[in-house]
Amino acid sequence: MNELSPIERRALRAAAHHLNPTVAIADKGLTPNVFKEIDLSLKSHELIKVKLHGIEREDRSALLEAICTELDCAPVQSIGNILILWRPKPEGEEATSKPRRRKAAAPKTKKQAAAALEKKARKK
């Protein structure tokens, strides 16, 4: 299980504030499929929220501990029935996922189209 400094934890809590839960855990608890989904979410997002449905307050900390030890992630925060988990992406994956360039939007009006052509003419 990864340990976070208070400064790192604060930054991750702020980053996770707007996130929606990606995985939900219900009556069946931690099944292999739930571990698989949490692992996939951590691989693709690094920082995720997990929603707990129908799990008693006493069992939540044990559940968080089991998830973190099994998947080697760090607990960022546990509020009510929401768990926030973080695990850094592997070194090789960061280099392979390059952000794609966005295509320029097509002009919407005749005036915008004329301005775009004029701009191209000035560049040449």
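Bear in mind that the values in this text are calculations on the coordinates, not laboratory data. As the structure is a prediction and not an experimental result, all values here were calculated from the model. Reconstructed Cβ throughout: ideal geometry from the backbone, glycine too, with neighbour counts over all protein chains shown.
Dipole orientation for the chain: of the candidates 63, 26, 6, 6 has the Cα lying most toward the positive pole (charges on Cβ; Lys, Arg +1; Asp, Glu -1). Values (1) 189; (2) 114; (3) 99 are given for comparison; volume of the Cα convex hull per residue in Å³, derived from the coordinates here, is the one labelled (1). Backbone phi angles across the stretch 40-55, fed through the Karplus curve with coefficients 6.51, -1.76 and 1.60 (θ = phi - 60°), yield HN-Hα couplings of 4, 5, 5, 5, 8, 10, 6, 10, 9, 10, 10, 9, 9, 10, x, 10 Hz in residue order; Gly and Pro are listed as x. Counting only alpha carbon atoms, the long axis of helix 57-71 and the longest principal axis of the chain meet at about 60°. What lysines sit close enough to residue 51 to cross-link, taking a C-alpha to C-alpha distance under 25 Å and skipping anything fewer than 8 places away on the same chain? Residue 51 reaches 28, 36, 43, 89.
Counting only Cα atoms, the size of the stretch 43-93 along its three principal axes is 39, 17, 14 Å, in decreasing order. Annotation: lysines with alpha-carbon distance below 17 angstrom to residue 111 (same-chain offsets under eight excluded): 119, 120.
Can you check what the net charge comes to around residue 17, using other residues whose Cβ is under 12 Å from the Cβ of residue 17 (Lys, Arg +1; Asp, Glu -1)? The partial results should precede the final answer.
Numbers: positive: 10, 13, 49; negative: none.
Around residue 17, the charge tally is +3.
Springs between Cα atoms under 10 Å define the GNM used for the chain, and in it the highest mean-square fluctuation of 60, 101, 87 occurs at 101. Distant-in-sequence amide contacts of residue 25, defined by a placed amide H-H separation under 5 Å and a gap of 5 or more residues or a different chain, comprise 51, 52, 53.
Structure remark: mean-square fluctuation, Gaussian network model of the chain, C-alpha springs under 10 Å; the largest value among 75, 32, 88 belongs to 32. Mean separation of Cα pairs under 8 Å and 6 or more residues apart, divided by the residue count, gives the chain a relative contact order of 26 percent.
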